[in-house]
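S.K.: My structure is below; once you've seen it, I'll send some questions.
We did not get these values from a lab; they are worked out from the coordinates using the rules stated. Note that the coordinates shown come from a computational prediction; the quantities given were computed from them, not determined experimentally. FYI the Cβ positions are ideal-geometry reconstructions off the backbone, even for glycines, and counts take in every protein chain you see.
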Amino acid sequence: MKYKFCPICGTKLEEKYSWDEGGVPYCPKDDMMYFDTPKPCIIAAVIKDNQILLLKQSYIFKNSKVLVSGYVTNGETVEDTVRREVKEETGLNVGAIKYLGSDYLPSREILMLTFMAKYESGEIEKSSEVEWLDWSNIEDALCEMPEDEIGKRVVKKVLHEIGYKGHKAYRCEIR
Ligand SMILES: [Zn+2]
């Protein structure tokens, strides 16, 4: 987000030169530069054997299941965010976490950091934000997530990570 006024004191921002960023909005009162940074968000595929955890949250997509996702909160690492969001939304604890690369959503200025997280312990206990939540066969995941383009990219990376060699998982993809 490009600020015009200081979000702390309301002063009209000046432009200050930063050697590697060029002109950056600056508040002289607070001595603060406001870099045009994206909002970091995580999306995590929780995996248990051949199963993947899918959720239904109509406010995100009406006709699509999605993966666990959420904003990175100040003070935590992105790995903390993955563990916290999985726990909050599903009640489960995850063990090993693997980073699978990032995606950028220009319309919402979101930097989506994608992960695969191995199920470790706990029973499914969905939060009130989630309408439905359960394990799905990983071969059915792409068919159940028609609207979630980023989620589907994560699932494809997961299929690659687990060494999936079949074709069934890709049957709903447009070729
Ligand atoms: Zn200020």
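S.K.: Near C6, within a Cβ-to-Cβ distance under 12 Å, what is the net charge of the other residues, with Lys and Arg +1 and Asp and Glu -1?
M.R.: 0
S.K.: What is the Cα coordinate range of region 10-49 on the first, second and third principal axes, sorted by size from largest, in whole angstrom?
M.R.: 55, 25, 12
S.K.: I would also like to ask the following. How long is the gain from D30 to D80 if the chain were fully straight, where each residue apart is worth 0.36 nm and the alpha carbon distance is subtracted?
M.R.: 15.0 nm
S.K.: Here's a follow-up. For the chain, modelled as a Gaussian network with Cα springs under 10 Å, which listed residue fluctuates most, I97, I42, I52?
M.R.: With Cα springs under 10 Å in the chain, the top fluctuation among I97, I42, I52 is at I97.
S.K.: Using +1 at the Cβ of each Lys and Arg and -1 at the Cβ of each Asp and Glu in region 1-63, identify which of L13, Y3, S58 lies farthest towards the dipole's positive end.
M.R.: S58
S.K.: What are the extents of the Cα atoms of region 39-163 along their three principal axes, listed from largest to smallest and rounded to whole Å?
M.R.: 33, 32, 29
S.K.: What angle do you read, to the nearest 10 degrees and between 0 and 90, between the alpha-carbon axis of helix 78-90 and the longest principal axis of the chain?
M.R.: For 78-90 against the chain, the angle is about 50 degrees.
S.K.: Where both residues lie in region 39-163, what percent of DSSP beta bridges are antiparallel, nearest 5?
M.R.: On the way: 22 of 31 bridges.
So the antiparallel bridges amount to about 70 percent of the total.
S.K.: With springs only between Cα atoms under 10 Å, which of C27, C143, C41 fluctuates most in a Gaussian network model of the chain?
M.R.: C27
S.K.: Once you charge only the Cβ atoms, +1 for Lys and Arg and -1 for Asp and Glu, what is the size of the charge dipole of region 45-144 about its Cα centre, to the nearest 20 debye?
M.R.: Around 140 debye, computed over region 45-144.
S.K.: Over the residues of region 109-175, compute the C-alpha Rg and express it relative to 2.2 N^0.38 Å.
M.R.: Relative to the 2.2 N^0.38 Å estimate, region 109-175 comes out at 1.24.
S.K.: How big is the dipole moment of the chain about its Cα centre under a simple scheme where the beta carbon of each Lys and Arg is +1, that of each Asp and Glu is -1, and everything else is neutral? Debye, nearest 20, please.
M.R.: With only Lys, Arg, Asp and Glu charged at Cβ, the dipole is about 480 debye.
S.K.: Calculate for the chain the 222 nm mean residue ellipticity that helices alone would give, adding -39,500 (n - 2.57) per DSSP H run of length 4 or more and normalising by residue count, nearest 500 deg cm²/dmol. Provide the component values of the computation, followed by the final result.
M.R.: Values: 3 runs with 30 residues, N = 175.
That calculation yields -5000 deg cm²/dmol at 222 nm.
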